[in-house]
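These notes are about the structure you will find just below.
The values are calculated or read from the model by the stated rules, or taken from the named source; none is laboratory data. Treat the numbers as computed from the prediction; the structure is a model and nothing was measured. Cβ placement follows ideal geometry from the backbone for every residue including glycine, while neighbour counts extend to all protein chains displayed.
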Amino acid sequence: MDACISQSLNEISYGLYIVTSADEAQKNGLIVNTAFQVSADPAKIAVCVCKNSFTHEIISKSRAFNVMPLEQETPMVFIGNFGFRTGRNFDKFAKVSYTVGQNGCPVVQEHALSCIETRVEQTVDVGTHTLFIGTVTAGQIFKPQGIPLTYEYYHTVIKGKTPPGATHL
C-alpha cells in the first residue's frame, strides 16, 4: 500500500472493542477497531472482521456476536490475550471471567464499558474482511462513567503495536 494512503488511513479515529461469538461447540473473541451503529430503529450495529480469523468462522456459523467497548485503562496483557494470538490453538477465555449472553455469546465485563448483544441480519463482503450487521437484542452497562479506549491512545500512550498476524486472529 502506498505510504500516503497508509498514513491517511491512520488518521481515522477508531475505538478498540472485544467481539465474541459462540456456537454449540466453540467460542472465541478478538479485538477489532471497527464497530459502529448503523441504524436507530431497529437498533443495528456493524463490526468488521478479518475473513481469516477464527471468530469470523464462528460468527458465520452462529449468526450472533457481542461487542464490548474497552475502557481506556485496559492493560496491554489483557489486549494481548484477545488480540495477539489465534483462538484456533489458544483458549482466550481460560484466564478471563465471562458470562454467557442471551444470544449464547460470551460477555466479558473485565475492562469493558458495556456489552451489546446482536443477531446477524446481513453480511457484506468488503475484500479481506466481512462487515457483519446485527440487530441489537440486548445491552448491559458495566462502567457508565468510563472513558473508551481509542486506537490512537493505544498507539501513542500505551505504545501498543499492531502485529502483522493480528488480522488473522
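Observations on the structure shown:
- The lone exception for VAL157 - which of (1) in contact with a Leu (Cβ under 6 Å, 6 or more places away or on another chain); (2) over 17 Å from GLY29 (Cα atoms) it fails: (1)
- Of the helices (runs of 4 or more DSSP H) lying entirely inside region 1-98, not one carries at least 3 residues that are at pLDDT below 95, surrounded by 13 or more Cβ atoms within 10 Å (Cβ to Cβ) and among the aromatic types (Phe, Trp, Tyr).
- Considering residues of region 129-151 that are outside any strand (DSSP E or B) and more than 16 Å from the chain's Cα centre (by Cα) only, the residue surrounded by the fewest Cβ atoms within 10 Å (Cβ to Cβ): GLN145
- Against the criterion of being basic (Lys, Arg) and touching an Asp or Glu at 6+ places or on another chain (Cβ under 6 Å), LYS61 qualifies.
- Any chance GLU117 is modelled with pLDDT of 90 or more, part of a strand (DSSP E or B) and within 16 Å of the chain's Cα centre (by Cα): yes
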